[in-house]
Amino acid sequence: MIELDRLTKRYGTTVAVDQLTCTVQPGVVTGFLGPNGAGKSTTMRMMLGLDRPTAGDVRIDGEHYDRLRDPLNHIGALLEAKAVHPGRTAYNHLTVLAQSNGIPQKRVPEVLDLVGLGSVAKKRPKGFSLGMGQRLGIASALLGDPKILMFDEPVNGLDPEGIHWIRNLMKYLASEGKTVFVSSHLMSEMALTAEHLIVIGRGRLLADTSMREFIKENSRSYVRLRTPEPERMRDVLATAGLTPVATEDGALEVDSVESDRLGELAAEHGLVLHELSPQQASLEEAFMQLTAEAVQYHAHGTGKGA
Amino acid sequence: MSTPYAAPQAAPAAPGPHGGVDHRPARPVEQSTHLGHAIASEWTKIRSVRSTIWTLAVMFALVVGIGLLTALALESGPYAELPVLGGGLFGMMLGQLAIITLGVLTVTSEYSTGMIRTTMTVCPKRTRVLTAKAIVFFALTFVMTLAATSLTALIHSAMLEGKPLSPYHDLNVGADPSQAVETATATSQQWLQATVGVSLFVALLGLLSLAVGTLLRSTPGGVTTMLGLVLLPFLISLFLMTESTRELGDALREYSMLNGLSTLYHMPFEFTEDASQVNGWPLLGLLAAVTAAALIAAYARISTRDV
C-alpha cells in the first residue's frame, strides 16, 4: 500500500505536485493518469525518495522510503529504461542491485529468464532495443519479489508484442495480491489494464475512482441516427424536446435519450431510418475533457505555425 | 514471439532445521542491510565497467613504462643525478591524471547515464552509497598504485643503486667518478615514501576527485576542476617571481600538489641542503585534510539535493 498525504513539490514558484492525497491499494492495477507535465514522474520520484517533498508525506507500507533497509524486497520500480550504465552487462547490473539488498545471487538469472533476457545476460545494454531496456528495468523491479510494483510509462516506445507482455504481467502481478501502480498519459492504455484510476492535472488530484465509475461518469452516451429526411427528423425531435446535433457526414447525434425512444418516434411519423445506433464517447475524450483545464501545454489551434 | 510471464519458481526445497523440507519463500522476511552490502555492490560496479580497466591499465603502463625509460636514461650517465627512486616521479605525474579521471567517473558516470536513480532507489541511504564508493575506490586505486610504484622502485634500485653521487654532492671529488666517496643508496624512508607514500597520495587525489565529482555531477566539470587544482598553483607561481609577489609565489609552489608528489620522491621544488631533511609526509597530510573537507561537503550535498 502506498499512502500520499498532502504531498507537495515546488520548484521555485512552479508547483509540480499540489497537495496530493490518495492511497494506492493492493490487489488491483492502479492507473496513474495525467497529461504530460502533470506531475506524475515527480510524484513517483518522491515516492522513491529520489526527490524530497516540499511539504506533505508519502509512505510505503507505513514507512518512509528512506527508512526501508532493503527497499527491493518491498517495492520494485521501473522508472526509466535508461537508468542503467550502458557499459555494464545485464547480469552484472542486476548483481549490483541484488548485492546491495542482500538478495541471493541465484535470483539474478531467475529474473533474467522471467523477462526473457536470459540469452543476452552477458551483453551490454548499450546495444539493447527500447523493449529490451524496459525488460531489464522490469527485471530489476522484480528482483526482490516485492509486494509493491511501480511502473512509469512502461509501454512507451514498445512494439505491440512488448505492450501485450507488459499488460499481462501487470494483471498477473495484481492477481497475486500485489500493489501495482502504473503511470501513463494514454487513457486508452489504462482502460485495458487498470481497475482503479488516479487522475492528476497540474499536480492536483482530479479523480480517484474505479475504472468502471470513471467510464460511467465521464463518457457521454448518445444515439447516432441517419435518415434521408433530416429536416423533418429535426422537427420531430424538437417537438419531443430533443436537440439533435448534425455531424459532418450528415448524421444526427442526440444526447440523453434511449435509442428505443428514437426508433419509436421515427416509426410514429413514418420516417425512414438508415442508422440508429447508441454510442459512447471514447475514454480518451472523457480524459481530455477532465484534464482540459489542467493541461499545461495546449496546442493553440492549428492555424498558426502548425 | 511474446514471452509469457511465468510465476517465480518456488525456492528449491532445502532441508529445514529438522531435516524436513523448508517451505519458507525464497525471500527472507526482513533483510537488514548494512555497509557491507553496499561495498559488495560498489565493488561489482567498479570492476564491471571498461573505464576502470582502461584507466588503471593506462596508469600502470605510464608509471612503470616511463619509470623504466627514466632508469635506462639515468643508468647511462656517469653519476647518479637524482635520488635513486626519484625517477618514478615522471611516470606518476602523468599516471595520476588517469586516477583523477577514474575518481571523477566513479560518481559522474552514474549521473550521466541515469544509473544514479537506480542506485539511490536501491539504497536510499545516500551517505552509505558514498561511503561504499569511497572505500572501494580508495582501496582499489591504492593497491594498484602500490603495485606500480613498488615495481618501478625495484627497477630503479636495481639499476641505479651504487652509482657514484655527482660531484655536486661532494665537491672534494674531482671530475673522475671513480674517485667519488659516496654512492647512491635509497634509505628506508625513501623507499617508504616513494611507494606507500606516493600510493596514498595518488589514491587520496583520486578520492578528492570522487568528492569533486559528487559535488559537480559532471565528468568534464570534475576533471577540469581537478586538473586546475593539480596544475594551476604551480603554473601561477611561475608568474609570481617579482619582488612584491615572490612570497605568494613561493607559497603556491610549496603547497602545490605537484610539489607534494615530488617531495615524496625526495625531490622537493625548493632545494634543501641536507637531503636527509626531505620529508614528504606533511604535504601528504595536507592533501588528506583537503580531501576530508571535500568529502564532508560531498556528504552534505548528496544528502540534501534531489537526485
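We did not get these values from a lab; they are worked out from the coordinates using the rules stated. From a predicted model like this one, the values you see are computed outputs, not experimental measurements. When we count neighbours, we look across all protein chains shown, and the Cβ atoms used for this are built from the backbone with ideal geometry, even at glycine.
So what does log10 I(q)/I(0) come out to for segment B:36-304 at q = 0.13, 0.14, 0.15 Å⁻¹, using the Debye formula with one equal point on every Cα and no solvent?
Values, matching the q order: -0.87, -0.97, -1.07.
Would you mind telling me which residue in A:Leu237, A:Leu94, A:Leu197 has the biggest mean-square fluctuation in a Gaussian network model of chain A, where springs connect alpha carbons within a distance under 10 angstrom?
In this elastic network of chain A, the residue with the biggest mean-square fluctuation among A:Leu237, A:Leu94, A:Leu197 is A:Leu237.
So what does the Cα-only Debye profile of segment A:16-66 read at q = 0.16, 0.21, 0.28, 0.30 Å⁻¹, as log10 I(q)/I(0), no solvent term?
Log10 of I(q)/I(0), two decimals: -0.48, -0.84, -1.35, -1.42.
For segment A:58-142, what class follows from the C-alpha gyration tensor (a ≥ b ≥ c being the square roots of its eigenvalues): rounded when a/c is under 1.5, otherwise prolate if a/b is larger than b/c, else oblate? Before the final figure, lay out each step's value.
Values: a/c = 2.18, a/b = 1.69, b/c = 1.29.
Prolate shape, in that a/c is at least 1.5 and a/b is the bigger ratio.
Have a look at segment A:2-217 and give its Rg and Dmax from the Cα atoms, expressed in angstrom.
Both quantities, over Cα of segment A:2-217: 16.9, 50 Å.
Where in segment A:38-66 does the amide nitrogen come within less than 16 Å of the point 7 Å from the Cα of A:Arg6, taken along Cα to Cβ?
A:53-59
How large is log10 I(q)/I(0) at q = 0.18, 0.21 Å⁻¹ when the Debye formula is applied to the Cα atoms of segment A:221-280, each weighted equally and without solvent?
Normalising to I(0) and taking log10 leaves -0.50, -0.71.
When chain A is treated as a GNM, springs tying every alpha-carbon pair under 10 Å, which of A:Tyr65, A:Tyr91, A:Tyr11 comes out with the largest mean-square fluctuation?
A:Tyr11
What whole number of Å gives the distance from the Cα centroid of segment A:33-94 to the Cα centroid of segment A:1-17?
So the two Cα centres are separated by 15 Å.
What does a probe at B:Ala147 reach in segment B:202-216, counting residues whose amide N is under 20 Å from the point 7 Å along Cα→Cβ?
It comes to B:202-207, nothing else.
For the protein assembly as shown, what is one quarter of the convex hull surface built on the Cα atoms, given in nm²?
On the way: hull surface 171.4 nm².
That works out to 42.8 nm².
As a check on your grasp of the helix formula, calculate [θ] at 222 nm for chain A: sum -39500 (n - 2.57) over DSSP H runs of n ≥ 4, divide by the residue count, round to the nearest 500.
On the way: 10 runs with 100 residues, N = 306.
Using -39500 (n - 2.57) per qualifying helix, the result is -9500 deg cm²/dmol.
Mind checking which of A:Arg212, A:Arg224, A:Arg124 has the largest fluctuation in a GNM of chain A, springs on alpha carbons under 10 Å?
A:Arg224
Contact order normalised by length for chain A, with contacts defined as Cα pairs under 8 Å and 6 or more residues apart; what percent is it? All intermediate terms of the calculation are to be shown ahead of the outcome.
Values: 565 pairs, mean separation 66.2, N = 306.
This gives 22 percent for chain A.
In this model, which of B:Lys45/B:Lys125; A:Lys106/B:Lys45; A:Lys9/A:Lys178; A:Lys122/A:Lys171 are farther than 22 Å apart at the alpha-carbon?
Working: B:Lys45/B:Lys125 17 Å; A:Lys106/B:Lys45 18 Å; A:Lys9/A:Lys178 27 Å; A:Lys122/A:Lys171 30 Å.
The pairs that break the limit, which is 22 Å between Cα atoms, are A:Lys9/A:Lys178; A:Lys122/A:Lys171.
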